[in-house]
Each structure stands twice: as C-alpha cells, then as structure tokens.
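Comments concern the structure below.
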Protein chains: 2
Amino acid sequence: MEVADRTGRKAVVLLSGGLDSATALAIAASEGYETHALSFRYGQRHELELDAAAEIAQAAGVNQHVVVDLDTRLFAGSALTDQIDVPKGRAAAAADGQIPVTYVPARNTVFLAYALAWAESLHTGDIFIGVTAVDYSGYPDCRPEYIEAFEAMANLATKAAVEGEHPVTIRTPLLRLSKAQIIERGTELGVDYSLTRSCYDPAPDGAACGVCDTCVLRLAGFAASGLKDPAPYQPEALPSR
Amino acid sequence: MEVADRTGRKAVVLLSGGLDSATALAIAASEGYETHALSFRYGQRHELELDAAAEIAQAAGVNQHVVVDLDTRLFAGSALTDQIDVPKGRAAAAADGQIPVTYVPARNTVFLAYALAWAESLHTGDIFIGVTAVDYSGYPDCRPEYIEAFEAMANLATKAAVEGEHPVTIRTPLLRLSKAQIIERGTELGVDYSLTRSCYDPAPDGAACGVCDTCVLRLAGFAASGLKDPAPYQPEALPSR
C-alpha cells in the first residue's frame, strides 16, 4: 500500500483507547508524522479506556500524550456519562435508525476544537480522528458531512489557517473502511489490539460485556477478518467463544 | 425597538466579563430568554475578568453561571496567556492588517463547542456570542463567515439538530454594530458598564491601562456615544481624562 511521507510533520491524533483510534494513530505514525495524542476525561463511567489510551500511546511511540479534563456539568444526558442503562445489542441501538442513548452532546466537536487549538500551538494543521461511517453507531458527528463542515469552519477560525501558515486538514483514514478492514489495516501496522478497549459497559476487571453495540460491532469485525480478538471478554457473555 | 419574544426559551450566553458580552447578555435577557452564562478560565494573566463576569451575571439575573477550566497546555503562544508583551495602541495591533499577538489559538471554536454541548444538554439550540466585526481586533474567529461556518457545522453535529428537536442558532446581536452603538444599546437596557473589564493589561487593582487595543476601542466607543466610561482607569494612562 502506498503511503504518503509526512516525516517531520506533526499531527494531533484523537485517542480514545478504542480499536478505531488506535488504528488511526498507527496510520499517522506509518506516514512519518510526529504524533501528539489527545484524550479526554468527560465523566465516562470507567477510567479503563484512559488507561488503555496511555498504553496504546506508549506502544505507538507518540511524542506526547495529553489527557484533558472536560467540565462534566455541560455534558448531561448520555448513557456513557449518566446513570442510564447501556442498551444491549445492535437492535436496541442503531438498527431502528435512531441515534442511540450512548450519544454524548457535541462530543466530537469539543474534541476537535481542542485538537484544533493544540495543533495551532504546535504549528501544524493536521488532525487525525478515527471516525468511520461504515460499521458505526449512527452518531451524527461521525458522518463525512459533519467532518467536512468542521474542516471548513476550522479553516476560517485559526490565525495559522487564515494567514496560510497551516491550513487545517481533518484526516479520517478509517471513514470508508469496514470494521474488518480497519482491523486488517491495524494488524498490518502492528497494532496490539489486546491493549484497546471498546466496550461501553465493561466488568470492573476490564473484561468487555460482548453484547453492547460497540462490542457487537467489534466482534463482527474480527469474525469477518478471520482474526481473533485478543481483548478480554466476560466469559458468560460469549458462551460460544 | 422591536424585540422578539423568547419568553420561556433557554439560551447559552458566552460571557467574558467585557463590555461586548455583557451587552449580548442584556439583549438575550431583554428578549425573554432564560439565560445560562458560560465563562472560561484559560490561563488569562489575570482573574479580574472572571470576577467581572460573575458580577455581570448576577446583575443580569442569569439562571446559572458556569466557569469552565480549560487545559492551558493546549493554548500556548498568545500574549493573553503567555509572557509575551501586550502591544500598546491600535497601530501595534490591527492597523497593519495582521492578526494581533493577543489572538488565542482557536479560542472561540473551543468556547462555542462547549456552549453547543451545554445548549444540547439544556434542550435548546440558541447560543449568544458578543462578537463584532466593526470595531474589532481582527481575530479570524470573530468574522461573520466564521460564525456562519460554525453554525452550519453545529447543525450537522448534534442529535438535537439532526433529529429536528433544536436547530442550532448562533446569535450575534452585536455583529454589525459599532462600539458606540453597542454601548448605546446596552445603556438603554440598563447594563452597568462599571462592572465590565476589557483591558488586556490591567493594574493589580483592576484599573485599565487605557492604551492597549481593547482599551483604545472601548474609549473611542464611549467618546463617540457621548457617554462617560464608568470603569476604572490608571490615572497616568489617561492624563487628559
């Protein structure tokens, strides 16, 4: 596969601790970017994904990994942050065309806004986000039209873009890939998926539930790629595994 | 002046502690909105403007005032946050067509992103920001084309907008007003400008320098409106006053 050579350029990479963003980080690194990983603490029910993000960042050899605390008073109303039950299975989440209750208000806009500020401070305009519009949960701020609109706005927003120093590019290398293709690409690049955590509702020891929307997508992706998911699952959740 | 009646609707209002945002807040309240004021601590050199924001919010009878701490590691490179000298006078700042060193990376994008999240949590899409494109400092993220691009992006970003519950409207009631017109409008609405702080480089007691870009704009606005600025200034800065 042909890879652009970005050696010496910096990129800010949004890193959640999940499978997708770990792969996006590996792709940025494979192009030669000096990577600056950015994670957020926003009242997620568990800190496991931030521990995972730190391990993934270290394994990927990032230049820097910053975890930003968001003000959780402003993000009420999501099953990821509040005491709302996480639905089980795809049928309960996206299959009826509704945006699921795991949606967090304006989350990717806040994440990308911080990334934009940091990128400008680092004298770059290149930002990676691991959104995908194929096997995804139906969040509006993962769609290509949203990403294009953010990029257009960002190029009017910053001094560096307006003065022509660093136009802003929101890089979405996973946007058109299926979950299986993402896993295959990351495996080629040496991503250790045992470090990644996707589950919305893990056990206290970190074992994934196997039945929430993101577990279902992840497991189907591994199954389709013919690879085995090395992450820990609760044994009772996957009796046939 | 005819005023839309928004009684019972909620609005998030960005409130800096300066003259413009205090006026924008008064305009929102005059339309009947239940106002939710939002301020940020982002490594400003002084906390005076946040004290001022709290007093302005109280005087305006807001429903709620939240101050969010931003992660200052991501906002390097501005004279407002770093040990860079604040230029004196308009000639040193915007008059040569350059964006001044008081620009803070992606500041309004981060502010509006938080406002967007909070608005959605509050079940509204109405956000007020006191930007003006007439007597302003040349920041790219105060221009109408930037605001329009943010609004377009926001309407693709949130669940409430995409599902038609609350489209996002970025209200900019000061956009086409001169500084004098802003002051006249706020005075009509009873804004107490003695509470507002605009100076980039005030004395420890809060007295404004009278010579930085924002002081020069403010003083010219009061002069043009024929009103006296009730805010405190350093006496040596204004020998003729």
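The values are calculated or read from the model by the stated rules, or taken from the named source; none is laboratory data. Bear in mind the structure is a predicted one, so any value in this text is a computation, not a measurement. No Cβ is skipped: glycine too gets one built from the backbone with ideal geometry, and neighbour counts run over all protein chains shown.
Tabulated results
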quantity	calculated
Meets criteria (polar (S, T, N, Q) and surrounded by fewer than 20 Cβ atoms within 10 Å (Cβ to Cβ)) for B:Thr196	no
Residue match in region B:142-150 (condition: among the aromatic types (Phe, Trp, Tyr), touching a strand residue (DSSP E or B) at 6+ places or on another chain (Cβ under 9 Å) and closer than 22 Å to A:Thr158 by Cα)	yes
Test: residue in region B:180-190 that is in contact with a helix residue (DSSP H, G or I) (Cβ under 8 Å, 6 or more places away or on another chain), surrounded by fewer than 21 Cβ atoms within 10 Å (Cβ to Cβ) and under 30 Å from B:Ala117 (Cβ atoms)	yes
Hits in region B:167-176 (condition: in a loop (DSSP other than H, G, I, E, B) and more than 11 Å from every other protein chain (Cβ to nearest Cβ))	B:Pro167, B:Thr172, B:Pro173, B:Leu174, B:Leu175, B:Arg176
Unique match (being more than 21 Å from A:Ala115 (Cα to Cα), outside any helix (DSSP H, G or I) and modelled with pLDDT of 95 or more) among B:Gly97, B:Gly130, B:Gly138	B:Gly130
Condition met for A:Ile183 (in a helix (DSSP H, G or I) and closer than 28 Å to A:Val101 by Cβ)	yes
Residues satisfying the stated conditions in region B:101-111, i.e. buried (at least 24 other Cβ atoms within 10 Å of the Cβ), touching a residue at least 40 places away in the same chain (Cβ under 8 Å) and in a loop (DSSP other than H, G, I, E, B)	B:Val104
Residues satisfying the stated conditions in region A:134-166, i.e. more than 10 Å from chain B (Cβ to nearest Cβ) and in contact with a helix residue (DSSP H, G or I) (Cβ under 6 Å, 6 or more places away or on another chain)	A:Asp135, A:Tyr136, A:Ser137, A:His166
Region B:193-211 residues that are touching a residue at least 24 places away in the same chain (Cβ under 8 Å), paired with ones that are in a loop (DSSP other than H, G, I, E, B) and among the acidic types (Asp, Glu) (beta carbon under 8 Å, 6 or more apart)	B:Tyr193/B:Asp229; B:Cys209/B:Asp201
Region A:112-125, residues that are surrounded by 23 or more Cβ atoms within 10 Å (Cβ to Cβ) and either assigned to a helix (DSSP H, G or I) or away from every other protein chain (no Cβ under 12 Å) (or both)	A:Leu112, A:Ala113, A:Tyr114, A:Ala115, A:Leu116, A:Ala117, A:Trp118, A:Ala119, A:Glu120
